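One structure, pasted below without further comment.
The values are calculated or read from the model by the stated rules, or taken from the named source; none is laboratory data. Source: prediction; values computed, not measured. Cβ placement follows ideal geometry from the backbone for every residue including glycine, while neighbour counts extend to all protein chains displayed. Surface areas here come from the heavy atoms of the whole protein model, side chains and all, with no ligands, DNA or RNA. Shrake-Rupley method; radii C 1.70, N 1.55, O 1.52, S 1.80 Å.
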Amino acid sequence: QLNNQDPMNPMDNAQMTTQLAQINTVSGIQELNKTVQGLVSQFSQMQMLQGSSLVGHHVLTSGNSISKDGTTGTGAIDLSADASSVSVQVVNASGAVVDTVNLGAQTAGRHSFETDLSKYTSAGELTFKVVALNGTKAVDASTLMATKVTAIGSDAGGLTLNLSNGKTVGYSSVKAVL
């Protein structure tokens, strides 16, 4: 612009300074974007590396599938309040209750349970339901499935875990690592 100025109408110094500042700002933003993209890439790689340590471990996620380990079935529940009686009903694929685990009185919070699956011979997935009462009043209970992590991956949402039951869940949905 200095070479092409009209000598009879020179550019205002303030305008030139403003334009140079704008150019520097745009250049700075471009460099900042490159730096942030590099950090995101490094974070994703670190997350994958840390996630790989979960392979072979069991995690608790929302769900009501019974995890089978030989003849033992496991799961967990989260109670929203204290309960005077808690029972877990193990249900087969056709909806029939095949076992009931009485946990008795339980405090609010997370509790795990085990059930003997040696008497259950049918194929198919087992699920469970929770009946929690405080006196005659129902207590809200969330069901949690304990499942082994077989592999890790990533998608647009971040780190994903491939579970032994064939499901894939986001890392953010893991409630606990066992």
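Looking at A151, A108, which one is open to solvent by 30 Å² or more (accessible area, probe 1.4 Å), at pLDDT 90 or above and closer than 30 Å to V40 by Cβ? Even if it seems obvious, please write down each step before you answer.
On the way: A108 fails: closer than 30 Å to V40 by Cβ.
Sole residue among the options that is open to solvent by 30 Å² or more (accessible area, probe 1.4 Å), at pLDDT 90 or above and closer than 30 Å to V40 by Cβ: A151.
Give the residues of region 111-147 that are open to solvent by 70 Å² or more (accessible area, probe 1.4 Å), more than 24 Å from D82 (Cβ to Cβ) and part of a strand (DSSP E or B), sorted by residue number.
D116
Right, another one. Just to check your reading of the model, which residue among A81, A93 is among the aliphatic types (A, V, I, L, M), surrounded by fewer than 18 Cβ atoms within 10 Å (Cβ to Cβ) and at pLDDT below 90?
A93
Scan region 41-50 residue by residue and report those that are of a type in the set (A, V, I, L, M, F, W, C) and either open to solvent by 90 Å² or more (accessible area, probe 1.4 Å) or in contact with a Cys (Cβ under 8 Å, 6 or more places away or on another chain) (or both).
Taking region 41-50 and keeping what is of a type in the set (A, V, I, L, M, F, W, C), we get 43, 46, 48-49.
Across region 41-50, the qualifying residues are F43, M46, L49.
Go through region 153-178 and give me each residue that's assigned to a strand (DSSP E or B), touching a residue at least 60 places away in the same chain (Cβ under 8 Å) and within 8 Å of the chain's Cα centre (by Cα).
Step one: filter region 153-178 for residues assigned to a strand (DSSP E or B), giving 153-155, 158-163, 168-170, 174-177.
Cutting the leftovers down to touching a residue at least 60 places away in the same chain (Cβ under 8 Å) gives us 154, 158-159, 161, 163, 169, 174-177.
Answer for region 153-178, where residues must be assigned to a strand (DSSP E or B), touching a residue at least 60 places away in the same chain (Cβ under 8 Å) and within 8 Å of the chain's Cα centre (by Cα): V169, V174, K175.
Report yes if some residue within region 84-92 is closer than 13 Å to F128 by Cα and outside any strand (DSSP E or B); otherwise report no.
yes
Given the residues N92, N102, which is the only one that is touching a Phe, Trp or Tyr at 6+ places or on another chain (Cβ under 8 Å) and among the polar types (S, T, N, Q)? Working first, answer last.
On the way: N102 fails: touching a Phe, Trp or Tyr at 6+ places or on another chain (Cβ under 8 Å).
The match here is N92.
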